[in-house]
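I have placed the structure first, in the form of C-alpha cells, so that the comments after it can refer back to it.
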Amino acid sequence: MTIDKLNNTLSAIDDINRQDPNVISYQGSNQAKELVYGQQMTDCLQRYWPQANEVLQIAVRAQHIKRWQLKRTEFSEGKAGYYQWRIAQGKFHAELTASIMLKQGYSVAESKQCASIIRKENLQTNTDTQTLEDVACLVFMMHYFDDFATKYIQQDNEAKIVRIVQLTWKKMSPQAHDIALGLALPEHLAAIVTKALS
C-alpha cells in the first residue's frame, strides 16, 4: 500500500461526491453535501482513530458516495421501504468504492474487505466495521444533530429525537460513547442526550 494510491482513491471519491446536486452552506460557502460529509467522516476518523488502516480510511470517506443516485422515493413508504433503501444504498456505495479501488491498484481482496465494511457486515465482530459505525454516529452528533433536534422540537415531538439518540447510542462502541460524552454540545442538545441516557 502506498500513500499515493490512498490519496488518489480518496480524490476519486471526492470527485464523484463533488457532483452532488444537493448543496449545503458549510464554513462560509455553498458546497456539495456528500463531499462535505465524506470529509467530515475522514476528519473524525483521523482525530479519534489516527492509526486506522488504509482500507478503513477509504470506507469511511466513501460511506455516502454518490448517495443521491438512489432516491428514497423510489422505494415504498414506511419502515420496511426505508430499510430496503438503506440496504440498497449500502450495496451501491460498496460496489462503486470497490471498483474505484481496483482502478487505483488495490487488490480484489482489499476491495472486497472495504465493500464489506461499507455494507456494515459483522458489526459486532469486525472492529473496522464498528469503527465506521462509530464515526458515522459521532459525525451525526457533531454536525447534524442540531438540525434533526430543531425539526422535531418544532413539531412538538422531542420524544422522537430522544429515541433517535437512544438508537444511535446502541450502535456505538464503549470508546465512541466516551468520545460522545466528551463532545462540547450546546446546552439544549446535551439536555436531550441526558434524557436519552437516563
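The values are calculated or read from the model by the stated rules, or taken from the named source; none is laboratory data. Computed from a prediction, not measured in an experiment: that's the story for all the values here. No Cβ is skipped: glycine too gets one built from the backbone with ideal geometry, and neighbour counts run over all protein chains shown.
Mind checking which residues of region 28-37 are small (Gly, Ala, Ser) and crowded, with 17+ Cβ neighbours inside 10 Å? The one that is small (Gly, Ala, Ser) and crowded, with 17+ Cβ neighbours inside 10 Å: ALA32.
Beta carbons closer than 8 Å, at least 6 apart along the sequence or on distinct chains, pair a first residue in region 75-97 that is hydroxyl-bearing (Ser, Thr, Tyr) with a second that is not in a helix (DSSP H, G or I) for TYR82/PHE75; THR97/ALA62; THR97/ILE65. Looking across region 156-170, the residues that are surrounded by 13 or more Cβ atoms within 10 Å (Cβ to Cβ) and either in contact with a helix residue (DSSP H, G or I) (Cβ under 7 Å, 6 or more places away or on another chain) or more than 12 Å from LYS195 (Cα to Cα) (or both) come down to GLU158, LYS160, ILE161, VAL162, ILE164, VAL165, GLN166, THR168, TRP169.
Inspection of region 84-107 identifies no residue that is farther than 30 Å from ASN7 by Cα, among the β-branched types (Val, Ile, Thr) and loosely packed, with under 14 Cβ neighbours inside 10 Å.
Is it true that SER198 is loosely packed, with under 14 Cβ neighbours inside 10 Å and assigned by TED's automatic domain parsing to the domain that holds TRP68? Criteria not met by SER198. Note on region 141-198: enclosed helices (runs of 4 or more DSSP H) holding 2 or more residues that are among the small types (Gly, Ala, Ser) are 174-181, 187-197.
Of note, ASP128 satisfies the criterion of being touching a helix residue (DSSP H, G or I) at 6+ places or on another chain (Cβ under 7 Å), modelled with pLDDT of 95 or more and assigned to a helix (DSSP H, G or I). Among the conditions (1) in a helix (DSSP H, G or I); (2) touching a residue at least 24 places away in the same chain (Cβ under 8 Å), the only one that SER111 does not satisfy is (2). Within region 12-27, the only residue that satisfies the criterion of being of a type in the set (Ser, Thr, Tyr) and surrounded by 13 or more Cβ atoms within 10 Å (Cβ to Cβ) is TYR26.
The numbered conditions (1) surrounded by 15 or more Cβ atoms within 10 Å (Cβ to Cβ); (2) farther than 22 Å from PHE92 by Cβ; (3) in contact with a strand residue (DSSP E or B) (Cβ under 9 Å, 6 or more places away or on another chain) are all true for TYR48 except (3).
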